[in-house]
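Right, one structure below, let's go through it.
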Amino acid sequence: MLIKSYRKNHLTEADVTDEKVFTDRRKILKSMGFIGAGSLLANSASAGFLDFFTGSDEADSQQKAAGKVRPLEFSKAEADGQHLTSEDKVTSYNNFYEFGLSKSDPKANAQGFVTDPWKLEIAGEVDNPITLDLDDLYAIGLEERIYRLRCVEAWSMVIPWIGFSLSELIKKASPNSKAKYVAFETLHDPQQMPGQRNRFFGGGIQYPYVEGLRLDEAMNPLAFMAMGVYGKTLPPQNGAPIRLIVPWKYGFKSIKSIVKISLTEQRPATSWNIAAAHEYGFYANVNPKVDHPRWSQATERRITSGGLGSDRRIRTEMFNGYGEEVASLYTGLDLTKHY
Ligand SMILES: Nc1nc2c(c(=O)[nH]1)N[C@H]1C(S)=C(S)[C@@H](COP(=O)(O)O)O[C@H]1N2
Ligand SMILES: [Mo]
């Protein structure tokens, strides 16, 4: 994994091109920065500088005041010489059943999805229930992280996300001593999400899409809330404006377009577990030794540039290769049983 905190360079309005400011974020995108990411992207189609958005001016000063620069550097993807999946593939080959079942549906059907304004509520077993808007979320402070994403369907990508540790968000609400789990909920809006209107189109899962983690999993520094990808705010198909990324678990845990986070005493229900408990467990840790009832999980198709014949079949790693960071969360747990 790579966690890269950045320093901000203030650019004038004129330096900010329309292409970069691709959503109406008024204050949010007023300032933009650069990081030299040549080595990071050396193997990708977009080699060179990765440009990215920063917070609003207010957010910026809040961040500075909070001393939010955390230069943690451990890039598994880079160390392994794994190539970034191209931006085009990351944003056009998606699972987001609210917008349709085929991989091209989310991009085709989500373009009008309204993600600003947005509210994210944090409630339940907390001392300080809060509701945050986009400005509040950006003010938490953004970092870039390159993570592998391993879908339970046995394809995978390497993706440069932008966001912050989930723990930062959870701490804001001050979980109380009863809090043992964290439940997440996607927006429920059948008017905007065709998959929520039609049982067949929505893949037969219950909406809103819900997911959950144990509190200690959620507080692990790898658990991430993404608001951007490839240097830009998230496109709707990737779960705008804010989604979870849990890189050591199958992709379905990484719930998109989140409106509510609840701290709970009991283990929360999760969408794919409700739909097919014998196929999808609560933990869903990537595990090459536990096959899906209908296919092997020993290998995966790594999607790279998207060019014809460019994908590679590679061996799947335990915890998707993040065992060093997360294996200790599961000592004493039989991972063949609690899959
Ligand atoms: N709300 C919601 N979140 C979701 C999904 C979904 O259908 N609905 N699909 C999941 C699955 S199966 C995967 S693999 C990832 C895909 O994320 P990506 O399209 O950004 O690569 O999102 C996850 N989050
Ligand atoms: Mo997935």
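Listing for the model above:
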item: Enumeration of residues in the stretch 277-322 that are of a type in the set (Phe, Trp, Tyr) and surrounded by 18 or more Cβ atoms within 10 Å (Cβ to Cβ); result: Tyr280, Phe282, Tyr283, Phe319, Tyr322
item: Number of the exception - Trp272 against (1) open to solvent by 30 Å² or more (accessible area, probe 1.4 Å); (2) more than 9 Å from ligand 1 (Cβ to nearest atom); (3) of a type in the set (A, V, I, L, M, F, W, C); result: (2)
item: Among (1) among the polar types (S, T, N, Q); (2) open to solvent by less than 20 Å² (accessible area, probe 1.4 Å); (3) more than 22 Å from Ser92 (Cα to Cα), the one test that Asn238 misses; result: (3)
item: Hits in the stretch 312-339 - residues which are of a type in the set (D, E, K, R) and either assigned to a loop (DSSP other than H, G, I, E, B) or more than 21 Å from the chain's Cα centre (by Cα) (or both); result: Arg312, Arg313, Arg315, Glu317, Asp334, Lys337
item: Filter pass, Glu300 being within 15 Å of ligand 2 (Cβ to nearest atom) and without any contact (Cβ under 8 Å) to a residue 40 or more places away in the chain; result: no
item: Selection from the stretch 250-269 of residues that are away from ligand 1 (no atom under 15 Å from the Cβ) and either open to solvent by 20 Å² or more (accessible area, probe 1.4 Å) or part of a loop (DSSP other than H, G, I, E, B) (or both); result: Ser262, Thr264, Glu265, Gln266, Arg267
item: Qualifying residue in the stretch 163-181 (condition: basic (Lys, Arg), open to solvent by 30 Å² or more (accessible area, probe 1.4 Å) and at pLDDT below 95); result: no
item: Matching residues in the stretch 304-339 - criterion: being modelled with pLDDT under 95 and touching a helix residue (DSSP H, G or I) at 6+ places or on another chain (Cβ under 7 Å); result: Gly306
item: Helices (runs of 4 or more DSSP H) fully within the stretch 78-148 counting 1 or more residues that are of a type in the set (S, T, N, Q) and within 30 Å of Gly204 (Cα to Cα); result: 105-109
item: Residue within the stretch 142-151 that is over 16 Å from the mean Cα position of the chain (by Cα), under 30 Å from Arg301 (Cβ atoms), within 16 Å of ligand 2 (Cβ to nearest atom) and open to solvent by 10 Å² or more (accessible area, probe 1.4 Å) present; result: no
item: Flag for Lys171 being closer than 30 Å to Thr316 by Cα and more than 11 Å from ligand 1 (Cβ to nearest atom); result: no
item: Number of the condition not met by Glu325 [criteria: (1) more than 26 Å from Asp88 (Cβ to Cβ); (2) of a type outside the set (A, V, I, L, M); (3) open to solvent by less than 30 Å² (accessible area, probe 1.4 Å)]; result: (3)
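The values are calculated or read from the model by the stated rules, or taken from the named source; none is laboratory data. This one's a predicted model, so the numbers in the text were calculated from it and none came from an experiment. Every residue, glycine among them, receives a Cβ derived from its backbone with ideal geometry; neighbour counts consider all protein chains shown. Side chains included, ligands, DNA and RNA excluded: accessible areas come from the protein's heavy atoms. Shrake-Rupley method; radii C 1.70, N 1.55, O 1.52, S 1.80 Å.
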